[in-house]
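Below is one structure, written out as C-alpha cells, with a few remarks after it.
The values are calculated or read from the model by the stated rules, or taken from the named source; none is laboratory data. Note that the structure is predicted; figures quoted are calculated from it, not measured. Cβ: placed from backbone, ideal geometry, glycine included. Neighbour counts: every protein chain shown. Accessible surface is based on the protein model in full, side chains and every heavy atom, while ligands, DNA and RNA are left aside. Shrake-Rupley method; radii C 1.70, N 1.55, O 1.52, S 1.80 Å.
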Amino acid sequence: MFVSPARPEQQEKPILTNGIKIFVLLFFCLPFAILLLQSFSAGWQWPRLLPGTFSWRAWQSLSREPRMIPAISITLLIGLAVSLINLILGIPAGKGLAHYRFRGKSLVEAVFLLPLLIPTLAVVMGIHIFMIRVGLTNTVWGVILVHVIPTLPYTIRIFRHAFENLGSKWEEQAATLGASQLTIYRTVWLPLLIPSIHSALMLSFVISLSQYALTAIIGGGNVVTLAMVYFPYFQSSNRSVLACFTVIFALLPLSFYLLMYSLYKLFIRGPGHYRGC
Amino acid sequence: MRSLGLNNHKPYLLVLPALIFFSLFVLYGIGTVFAESLNLSLNTGSSIVKYYIELAEKPGFWSGLILSLQVSAAATLLSIIIGVYLARQFYRRVPDSIWHALAWLPMLIPHFAAGYLAVLLLSQSGWFSGLLAQVTLIQETSRFPVLVNDKNGLGIIVTYLWKEIPFVLLMSMPVYRRMDWRYEDVVRTLGGGQWQVFKTVEWPALLPVLVETGIILFAFIFSAFELPYLLGVTYPKMISVMAYQWFYEGSWSNRPLAMALMTVSTVMVLIVAVVLLGLIQGKRYRMMRGR
Amino acid sequence: MLLQTVNLIKKFDHRVVLGRVNINLWDGEILSLIGPSGSGKTTLLKCIAGLEPVSGGNILVREKDVTGQKANQRPVVMMFQQPLLFPHLTVMENIIYGLKIRGTEKKTMMAAGEEMLQKIELPGYTRRYPFELSGGQQQRVALARALIMKPQILLLDEPFASLDPELRSSIRNWVRRLLKREEVAAIFVTHDREEAMIMGDRLAVMIRGRILQEGSPFEVYKKPANRDVAELFSDGLVLDDRRFVPVDAITVSDSEQQVNKDGFLAFKGRVAANWIKAGHHMIRVEVPELGREVSLPASKTYSVAEEVLLVFPRDRVYIFPQNNLEMEME
C-alpha cells in the first residue's frame, strides 16, 4: 500500500497555536490598525491608547495638496508600465530557463541574479551619464526603465518556477493537436500562468511604488511620483496627515490588484475554466 | 527539462531580451561605477586608487560601514530565524490561509511607509511608549528607549524585520509544502524528538532556499537608501545614505567618492554571497538537489 | 510475552481503521502480518511504534503499558516500505543516526557502525551517499540503521515492496537469517502470501482492521478460519460463506463420468488463462455457478475458453469454524 507523504499530525499545545496567532495579530496587523486610527484622529495625546476625537481633518488637508492627484496618476502609470515590461521580458526568460538546456545557461542565470546582488543605487549612478546622453533623464520613460532593474529578477524567478512546475507536457499536447506557437501561448500558457502573472504584477508594482532614490536620481525632480511627495512630508510634524498619506500607499497596491483583476476577467477566461484538465 | 540540441536557437531567443536589458543597464552600470571610482587622470603622479584612500580617511566612513554591516547582518539573520520558525508553526499548527494572508500584509506597502509605522509605534512618544505609561512602567516620554533615529539602527532593524519576515515566509512555505514527511517518522522511530526532526528533515531542505533568501536580503538591506535615510541619524550614517548624498546632493566633485563607496559595497555583498553559496556547494547538498 | 496489544482501536475521524486488535509477540519470534491493501496493517505498526496515537486500547511491552509513550521513548523501531535514507548523510552517518541521538560515545558508535556494515555485506561503503546505492543496498542500509538500535521489537512494513521480484526473494531469506542471528523479535507486514510464509514463524491475517486468524502459516493455509482468510491466504475454491475445497482435492476432468460416482461433487468451468509455474501446467478456471475463479495445476494443456469440470470428493469439503456474518456483527 502506498502511503502518501502527508502533513505531520497536529500536536496538542493549543497555547503555542494561539501564541502564534496573537503574534501575527500584534506584529503584523496592529500597526495597520494604529495607522488607520491615527489618520482619523484629531489630536492624540500621549499616553492614550486610542485617539480622543475622530475627524476627517487630516484627510481634508491632504486632499488640498495640489501635487496629490498628478502624483497618484504618474505613480500608477509608471507601476503599470513597469509591470507590463516585466511580463514581456520575464515570461520568455522564465520559460527559456525552465524548459531548455543550452550552452552558457549558468552564465545567463548569473546575469539574471546579479541585479539582486549589485546595489541598484550603484547601477543607477553608473548609468546616469548614459541616461543623460540618450535623453532619458528627467523623463517618465527613464524612470520606468530604472524601475525594471530591481523588479525583473523576481519576475523571472516567479515564471521560471511556474514553468518548471507546469512542465512542457501541455505545450506538447497542444502542438500535436495542431496549435501554432501563438495559439499555444494564448490558449495554454496564459490561462495556466494566471496565478504567477498575478504575483509578478503585484510584486513589480509594489517594488516600483517603493523607489525613491532611483526616481530622484533619474527623474531629477521632474518626475514627481508619490514617493517624491512623501519624503518631504516625512519630516513635517503632522502625524495624522502623514498617516493618511501612508494609508494611500497601502491602498494603491490594493486598487492596482483590483484593476488588474477586472482587466483580465474581461480579456482572459480565468483558470477556473480550465480546471478540468 | 527538454534535451534539445545545443545549437538550437530557441532558448537564446527567449532569454535574449532580458539578457540585453540587464547587460545594457546592470553590467554597463556597475562597470562605469568601477571605472569612475578610479583616478585615471595620470598627471602629477597621483595614485590610481586616490578616491579609495580619500574614502578611508573620510570621517564617518568606517563607523558607517560597520553600522551598515551590523544592521544588514542582524536584520537578515533575525528575519530568517523568525520567518522559518513562523513558517514551521504555520505549516504544523495554523494551516488556515487567512492567517498566512495576514502575515503577508506588510509586503503590500513600501519600505518607507513601513518606516512611518515604526515612528508611530516605536518612537519615544509612540503607541508602545504610551502602552508602557498606561501600565505605569514609565512616567514620561523621555524614559522610553530611543528606538527610532537611534545610533544603533534598532528602528531600522525592526522595520526591516516587519517587512522581510513575510518575504522569508513566502520563500520557505513552499519548501514545507513539498517536504517528504515520511522522514519525520524515520527520525521519531529512531529516537529523535522535534529538534532532531528539524535538524535532519527540515533544515537540509530549507538551507539552499535560506541561503538564497539570505543573500537577497543582505544585499538589499546593505545598499537600500530609503529606510536608513528616514530612520537613521546624522552620525554614524549608513553607507547607502552617504553615497546618495555624495552623488546627488553635494557638488559633482564628490561623485568619484560615491562611486568608490558603491564599489566597496558591491564587493562586500559579492563576498558575502560567495561565502554563503559556498555553504551549499558541499557534496551533501548536491546530493539533495540530485534527488 | 514481549509485546501485546489489547483491544487496540484506531479511528480516523469516525472511520474505524483498527477494531479491537489483539496480537501477541514472543521473544525472538517473527510474526508475519498479512492482509490486503488498506486493511490497516501499516496503521497498526505505526500505532505500536508510537507514530500514530491510538483511539483506544493498550500496548504492552513486557507487561508494561507504553501506550502513552512517545515514539522516541519506545523500545520499538520501525522500518518502512521505502528505504528513506537521509540523502544528505553518508551511509555510515545514516546507520549510526539513532546511536548519535542517544548520545553514544563516538568510538563505540563507529565500531558498531563498521560491524553493521559487515553484517549487511556492504563493507567499504562508509563514505558513500545513498544515491550511489541500488534499491536493495539502500534497503539493507535502512535495516542496519534500525538493527543498530538493538530494538526489542522491530516492525517491518513491506520492506521489499519497492524492490523487483528477483531481488525480493533473495533479500528476504537473507533478512530472515540476519534477524534470527541477531535474535530480534519482529512483526513483518506484507500482502504477499509466499513472503508471509517464508518470513514468519507465525502468521496473523488482518482484514478490514481486524485480526481474523492467528497461527502457524501452514495451519492457517490448511484450516482457514473463514471465507475471507481462505480467499486471501489459501488455494482452493470457496463454495459459499461456510464451505471451501482446498486445491489439492480438486481434479480437472473433461468427461462427465466421474461426476456420477457417489461421494463426488463437480462444477462446470471455463479456462480463463494458462501458464507454467515451477514446471507445472497451471490453469485459471472461471466457475460461473459460484461466480468465482480458481487457479490449479492441470495434468495436460488446456486452451483458453475450453470447458472443463472441477471434480472433488465430498468428504474433502472443509467447513469454516467461524462464520463471516458473526465476525461482522461482533
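Think of it as helices only: each DSSP H run of n ≥ 4 in chain A is worth -39500 (n - 2.57), and spread over all residues that comes to -22500 deg cm²/dmol at 222 nm.
Separation of the range C:247-322 from the range B:192-216 is 61 Å, based on Cα centroids.
Element breakdown for the protein assembly as shown at a 1.4 angstrom probe: carbon and sulfur atoms account for 60% of the accessible area. Between residue C:265 and residue A:236, the simple spin-label model (points 7 angstrom out along Cα→Cβ) gives 9.9 nm.
Compared with the dominant Cα axis of chain A, that is its longest principal axis, helix A:140-166 is turned about 50°.
Its Cα gyration tensor gives chain B an equivalent ellipsoid; the semi-axes, largest first and in whole Å, are 37, 33, 17. Contact residues in the range C:47-88 (at least 50 Å² less accessible area with all protein chains than alone, 1.4 Å probe): C:51, C:72, C:84, C:86, C:87, C:88. Calculated over the range C:217-288, the projected area of the Cα convex hull averaged across directions stands at 6.1 nm². Each Lys or Arg adds one and each Asp or Glu takes one away; over the other residues whose Cβ falls under 15 Å from the Cβ of residue A:51, this sums to +3.
Rounded to the nearest angstrom and listed largest first, the equivalent-ellipsoid semi-axes of the range B:207-249 from its Cα gyration tensor are 26, 10, 7. Given a Förster radius of 56 Å and the C-beta distance between residue C:20 and residue A:266 as r, what FRET efficiency does 1/(1 + (r/R0)^6) yield to the nearest 0.05? With a Förster radius of 56 Å, E is 0.35. With just the Cα atoms defining each centre, how far is the range A:56-124 from the range A:190-208? Give it in Å. Centre-to-centre distance over Cα atoms comes out at 11 Å. Taking 15 Å as the cut-off, the amide N atoms of the range A:128-147 that come nearer than this to a point 7 Å along the Cα-to-beta-carbon line of residue A:73 belong to A:140.
Over the range B:150-285, the Kirkwood radius and the radius of gyration, each from Cα atoms, give a ratio Rg/Rh of 1.13. Chains B and A together bury roughly 9300 Å² of accessible surface, counting both sides and using a 1.4 Å probe on protein heavy atoms. Largest GNM mean-square fluctuation across C:206, C:282, C:109, computed for chain C with C-alpha springs under 10 Å, falls on C:282. One equal scatterer on each Cα of the range C:101-146, no solvent, Debye formula: the resulting log10 I(q)/I(0) at q = 0.27, 0.28, 0.33 Å⁻¹ is -1.05, -1.10, -1.27.
Computed from the alpha carbon positions, the gyration tensor of the range A:1-133 leads to an equivalent ellipsoid with semi-axes of 42, 35, 15 Å, biggest first. Pairs over the 29 Å Cα-Cα cut-off, from the set C:46/C:150; C:268/C:300; A:13/C:64; C:41/C:222; C:64/C:119: C:64/C:119. Relative contact order for chain B: what percent, with Cα pairs under 8 Å and sequence separation of 6 or more? Relative contact order for chain B comes out at 26 percent.
Using the Stokes-Einstein relation with a Kirkwood hydrodynamic radius computed over Cα pairs, the translational diffusion coefficient of chain C at 4 °C and a viscosity of 1.567 mPa s comes to 59 µm²/s. Other residues with beta-carbon under 11 Å from the beta-carbon of residue A:156 carry, at +1 per Lys or Arg and -1 per Asp or Glu, a net charge of +2. Heavy atoms of the protein chains alone define the surface here; on that basis chain C has 47 Å² accessible area per residue at 1.4 Å probe size. Counted by Cβ distance under 12 Å from residue B:63, the other residues give a net charge of +3, where Lys and Arg count +1 and Asp and Glu count -1. Rg and Dmax of the protein assembly as shown, based on Cα coordinates, read 35.9, 128 Å. Averaging the Cα positions of each part gives two centres, and for the range B:70-142 and the range C:41-75 these lie 43 Å apart.
The string of couplings for the range A:24-29 from the Karplus curve (6.51, -1.76, 1.60, θ = phi - 60°) is 4, 5, 6, 7, 9, 9 Hz, one whole number per residue in order, with x for Gly and Pro. Each residue of the range A:53-69 is assigned a 3J(HN,Hα), and the resulting list reads 10, 9, 7, 8, 4, 5, 4, 4, 5, 5, 5, 7, 5, x, 7, 4, 4 Hz, derived from the Karplus form 6.51 cos²θ - 1.76 cosθ + 1.60 (θ = phi - 60°), x at Gly and Pro.
Rolling a 1.4 Å probe across the protein heavy atoms gives the range B:45-288 an accessible surface of 38 Å² per residue.
Of B:141, C:43, A:246, the residue with the largest accessible area leads and the full order is B:141, C:43, A:246 (1.4 Å probe). Interface size, chains B and C: roughly 2200 Å² of accessible area buried, both sides included, 1.4 Å probe, rounded to the nearest 100. Between C:283, C:48, C:30, which gets the highest mean-square fluctuation from a Gaussian network model of chain C, Cα cutoff 10 Å? Sorting by GNM fluctuation, first place goes to C:283. When chain B is treated as a Gaussian network with alpha carbon springs shorter than 10 Å, the biggest mean-square fluctuation among B:253, B:68, B:23 belongs to B:23. Normalised by 2.2 N^0.38 Å, with N the number of residues, the alpha-carbon radius of gyration of chain A equals 1.25. Take the Cα of residue B:54, go 7 Å toward its beta carbon, and the backbone nitrogen atoms of the range B:250-269 under 18 Å from that spot belong to B:250-265.
Given the pairs A:105/A:169; C:10/C:100; A:169/B:10; C:10/C:223; C:11/C:180, which are separated by over 25 angstrom at their Cα positions? Flagged as over cut-off: C:10/C:100; C:10/C:223; C:11/C:180.
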